[in-house]
C-alpha cells in the first residue's frame with residue numbers, strides 16, 4: 001500500500017516536473033540561441049552556464065523568473081530590501097537594478113555584488129583584500145529575499161493545505177476524503193514508521209508536530225526546487241542550518257538524566273574509558289546535527305548542479321545526438337532527483353526522530 | 001568550508017527560523033492537532049468496534065451453547081417425564097386392576113352374604129308362615145275336636161303332661 005502511494009506520488013510530480021522542465025528548457029533555449037548567434041565561442045557559453053548555475057544556487061534579492069541577457073532585461077518582481085545599518089533601512093530591490101547600479105538610501109550607498117549587499121561610496125567602488133574578497137563593510141541584511149519570499153508563500157500554502165485537510169476530517173466525520181485521503185498515509189507513515197519506532201510509544205506524541213512540519217517543509221521545498229521557477233531553498237546552507245539547529249535545540253532540551261549521563265559519564269565502562277568517551281560523546285552531540293545540515297544542503301545543491309549542468313550541456317553540444325543524449329540524461333537525473341527530494345526529507349525527519357529518541361530513552365538495564 | 005561560511009546568510013537564517021517556528025505553531029494549532037486527533041479517534045473507534053464485535057461473537061457462542069444445553073436438558077427432562085408417566089400409567093392400571101378385583105370380590109362376598117341372609121329370612125318367614133298355617137290348621141282341628149268338654153279337658157291334661165315333660 002505504501003509503496004503504491006509513493007509510486008503514484010512520484011508519477012504525479014514527475015508529470016508536472018516534465019511539463020515544467022520542458023517549459024523551462026524552452027525559455028533557456030530561447031535565451032541561449034540569441035547568445036550563440038552573437039558569441040559563438042563554446043568557451044564563453046560554458047562560462048555563462050557555470051555562472052548561471054552559481055547564480056541559481058544562491059539566494060537573490062529579487063524574484064527573477066527569466067532573463068534576456070542580450071537585452072539585459074530581467075522578467076520578475078523586485079523584493080523589499082531590509083538593512084540594519086545604523087537604523088533600519090527599507091527599500092525596493094529594484095533600486096539595485098540587478099547589481100548594475102548603486103542604491104542610495106538616506107545618504108548611504110549600497111551595492112549588490114555576487115548576491116550580497118555592500119556599503120560603498122557614491123560610485124559603488126568595491127575594494128578587494130588579498131584573497132580577492134570584497135573588503136567593504138556589510139550591513140546586516142534582513143531582506144525579504146527570493147528564498148524568504150518563497151518560504152512565506154510556502155508557509156501560506158502549507159497552512160491552507162493542511163488546515164483544509166483538518167477541516168475535511170471534521171466535515172466527513174473522521175473519514176478521510178479528498179486531500180485527507182491522499183495525505184493521511186504519509187502522516188501515518190511519519191507517525192507509525194518514523195516517530196513511534198524511534199522515539200517510543202510513550203514520548204512520541206509531543207514531537208509529532210515538529211516531525212510532520214519538518215518533513216513536509218523539506219519535501220515540498222525539495223520538490224519546488226525541481227520546478228523551473230529556479231527556487232532553491234533547501235539547497236541553502238542557512239536554511240538547513242536553521243532546521244538542524246531546531247532539531248539540536250529540541251534534542252538538548254528534551255534530554256533526560258540518562259541522556260546526559262551517557263554523554264558525560266558513560267555507564268558500564270571502566271573509569272578511564274569514561275574520561276576518554278566524554279569528549280567524544282560531547283563532540284557527537286554537535287556532529288549529529290551538523291551532519292544533518294550538510295547532508296541536506298549537499299544533496300540538494302548537488303542535484304541542482306548536476307541537473308542544470310546536463311541541461312546546459314544540451315546547448316554546449318548543440319547537435320541532435322549530444323543534445324538528445326543530455327536531454328535523456330537530464331530526464332533520468334530529474335527522476336532520481338524526485339526520489340532524492342522525498343528521500344532527503346525522510347532522512348532528515350528520521351534522524352531528527354532518532355536523536356529525540358536518544359534524548360528521551362529510558363535505560364533501566366545496565 | 002570557507003564557501004559554506006561565505007554562503008551563509010544571517011538574514012535568511014533569521015527569517016527561516018522565525019517563519020518556520022510560526023508555521024510550526026500555526027500548523028500545530030490548525031492542522032496537526034485536529035488531524036492526529038481525528039485519526040486517533042477513528043483508530044480507537046475501529047479498535048472498540050472490533051473488540052465489541054469479538055465480545056458479541058463470544059456472547060453469541062455462549063448463547064448457542066446455553067441454548068444447546070437447555071435443549072438437551074429439556075430433552076432429558078421430557079424423557080424422564082415420559083418414563084415417569086409410563087410407569088405411573090402401568091402402576092395405575094395395576095392398582096386399578098387390583099382395586100377392581102378387590103371390589104368385585106367384596107361385592108361378591110356381600111352379595112353372597114345378602115343372598116344367604118335373604119335365604120335365611122325367607123326360610124324364617126316360611127317357617128313362621130308354616131307355623132301360623134299349622135297353628136291355624138291345628139286350631140281348626142282342635143276347634144273341631146274340642147267341641148266337647150271332655151275333649152278339652154283331655155287336651156289340657158295332655159298339654160300339661162307335656163309341660164311337665166319339658
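Worth a mention:
- Screening residue A:209 against (1) assigned to a helix (DSSP H, G or I); (2) free of Cβ contacts under 8 Å to residues at least 12 places away in the same chain; (3) more than 12 Å from residue B:31 (Cα to Cα) leaves a single unmet condition, (3).
- Test: residue A:169 is modelled with pLDDT of 80 or more and out of contact with any helix residue (DSSP H, G or I) (no Cβ under 7 Å at 6 or more places or on another chain): no
- In the range A:149-169, residue farthest from residue A:90 (Cα to Cα) [restricted to those that are without any contact (Cβ under 8 Å) to a residue 24 or more places away in the chain and at the interface with chain B (Cβ under 7 Å from one of its Cβ atoms)]: A:169
- For the range A:69-106, the candidate set comprises residues that are closer than 17 Å to residue A:229 by Cβ and surrounded by 13 or more Cβ atoms within 10 Å (Cβ to Cβ); within that set, the residue that is farthest from the chain's Cα centre (by Cα) is A:74.
- Look at the range A:127-141: where a residue is free of Cβ contacts under 8 Å to residues at least 40 places away in the same chain and a partner is in a loop (DSSP other than H, G, I, E, B) and loosely packed, with under 10 Cβ neighbours inside 10 Å, sitting 6+ places away or on another chain with Cβ atoms under 9 Å, you get A:135/A:129.
- Extreme residue, surrounded by the fewest Cβ atoms within 10 Å (Cβ to Cβ), among residues of the range A:174-202 that are assigned to a loop (DSSP other than H, G, I, E, B) and within 9 Å of chain B (Cβ to nearest Cβ): A:175
- Of the residues making up the range A:217-234, not a single one is over 13 Å from the mean Cα position of the chain (by Cα) and either in a helix (DSSP H, G or I) or within 14 Å of chain B (Cβ to nearest Cβ) (or both).
- Per the conditions (1) touching a strand residue (DSSP E or B) at 6+ places or on another chain (Cβ under 7 Å); (2) farther than 26 Å from residue A:53 by Cβ; (3) surrounded by 14 or more Cβ atoms within 10 Å (Cβ to Cβ), the sole criterion not satisfied by residue A:146 is (2).
The values are calculated or read from the model by the stated rules, or taken from the named source; none is laboratory data. Nothing here was measured: the structure is a model prediction, and the numbers come from that model. Methodologically, a virtual Cβ is constructed for each residue, glycine included, from the backbone with ideal geometry; neighbour enumeration extends over all protein chains shown.
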